[in-house]
Amino acid sequence: MNEKTPKVTVIVPCYNHGEYLEESVGSLLEQTFQDFKIYVINDGSTSPQTIEILEKFNKPKTTILHKKNGHLSSARNYGIARTDSEYICTLDADDMFDKNFLKEAVEVLDNQPEIGVVTSFQQDFGVSRALGDPGGGDVRNFLADNACLASSMYRRLCWVQANGYDENMKQGYEDWNFWVGVTKNKWKVHVLQHGHLKYRVKEVSMVTESNKIRPELCKRIAQNHIEVYKEHVADIVYSKELKIFNLKQEIEQLKQQLKEAQS
C-alpha cells in the first residue's frame, strides 16, 4: 500500500550546519499540526562534523536527501520536486519554528484561496533580539524590498507557476526573487502576527554578505521579472523616493538634536 502523502512537506537545506539540526528538526517535531514530513537536503556538505551528524541522524518523519552542492535554490528545488504535498514549508537548518506555525499557516491556506504564501513575524536570537514584521502583501510590496521571510509556507502550485527557485542566484536574495515570481501570478502573502520564526543572527552570515552586493542582486531580480517591473515603475519610484525622503527627515532631526545638545 502506498504511503499517504502528507498535507505539508518541510524542506530543510543543510550545508555545513549539522550542529543546528537537532534544534531545527526538533522544533518541527514539536508542532501542534502533525500531518507533515521533513526532507533535510544535504547540499554537498564538506564539514566532517555535519557529514557525521547527517549519517547518524534518525528522527521521526525525517528523510535525509543527498546532492552535490548547488546552494539554497538548488537544494529547495531538489526537495520540492520529490514531493506531491499540497503545501510546502521551507526552514533553514540553523533556524526554528514556534510550535504553532504549521497549524496556523495551514488554516490560512485552507480558508483563504487568494493567499499563496503564509509567513510570520521574525524573532531574532543570537547577536540580535529584534522582532521584525516582513510586511507581506501583493507584488507591489515586493518590487523595492523583500516582504516575506525565506522560511515560510506556500502552495506547491505557487512553486510550479514560478518555475521554482532561480538556481543561478547563488549569492543570495534567491527567496526575494522567488516571492516576486509568486506574487506576480496574483497570489498574496499573509503575515501571522507572531514571532513564529526563531531566526539565528550571527556577526557574519550569507545575509550579511549578500547585503554587501544588494544593488547587483536587486538588478538581477528586476531583470528576471522585467515585465512586472515595467508595469509598476511608478510604484517603485514612489517607494524609493519615500525612503530617501524619510531618511533625510531623520538626518535633519538628528542634526537638530545634536545642535540642541551642544548649545
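The values are calculated or read from the model by the stated rules, or taken from the named source; none is laboratory data. Here the structure is a predicted model, which is why all the values come from computation and not from measurement. Positions of Cβ are generated from backbone atoms using ideal geometry, with glycine treated the same way; all protein chains shown enter the neighbour counts. Just the protein is used for accessible areas: all its heavy atoms, side chains included, with ligands, DNA and RNA removed. Shrake-Rupley method; radii C 1.70, N 1.55, O 1.52, S 1.80 Å.
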Checklist entry - In whole percent, how big is the carbon plus sulfur part of the accessible area of region 20-112, probe 1.4 Å, protein atoms only? => result 46
Item to check | Rounded accessible area per residue of the chain, 1.4 Å, Å² | outcome: 53
Checklist entry - Where a Cα-Cα gap under 17 Å defines reach, which lysines qualify for Lys170, not counting those fewer than 8 residues away within the same chain? => result Lys67, Lys68, Lys212, Lys219
Item to check | Subset of Lys4/Lys198; Lys7/Lys230; Lys59/Lys198; Lys61/Lys103; Lys61/Lys198; Lys103/Lys240 violating a 28 Å alpha-carbon distance limit | outcome: Lys4/Lys198; Lys7/Lys230; Lys103/Lys240
Item to check | Degrees, to the nearest 10: 101-111 long Cα axis against longest axis of the chain | outcome: 80
Next on the checklist: With loop defined by DSSP as not H, G, I, E or B, and exposure as at most 11 other Cβ atoms within 10 Å, which is the longest segment of the chain clear of exposed GluC sites (Glu not before Pro)?
Outcome noted: 4-113
Item to check | Most mobile listed residue (Leu54, Leu197, Leu247) in the chain, GNM with C-alpha springs under 10 Å | outcome: Leu247
Next on the checklist: Compute a Gaussian network model of the chain, connecting alpha carbons closer than 10 Å, and tell me which residue from Lys186, Lys56, Lys198 fluctuates the most.
Outcome noted: Lys56
Checklist outcome for this item: Options (i) 75, 41, 34; (ii) 45, 44, 38; (iii) 54, 38, 34 for Cα extents along the principal axes in Å; the value derived from the coordinates is listed as (i)
Item to check | Listed residues Gln31, Gln123, Gln161, most fluctuating in the chain (Gaussian network, C-alpha, under 10 Å) | outcome: Gln161
Checklist entry - Cβ under 14 Å from Ser24's Cβ, Ser24 left aside: what net charge do those residues give with Lys, Arg +1 and Asp, Glu -1? => result -3
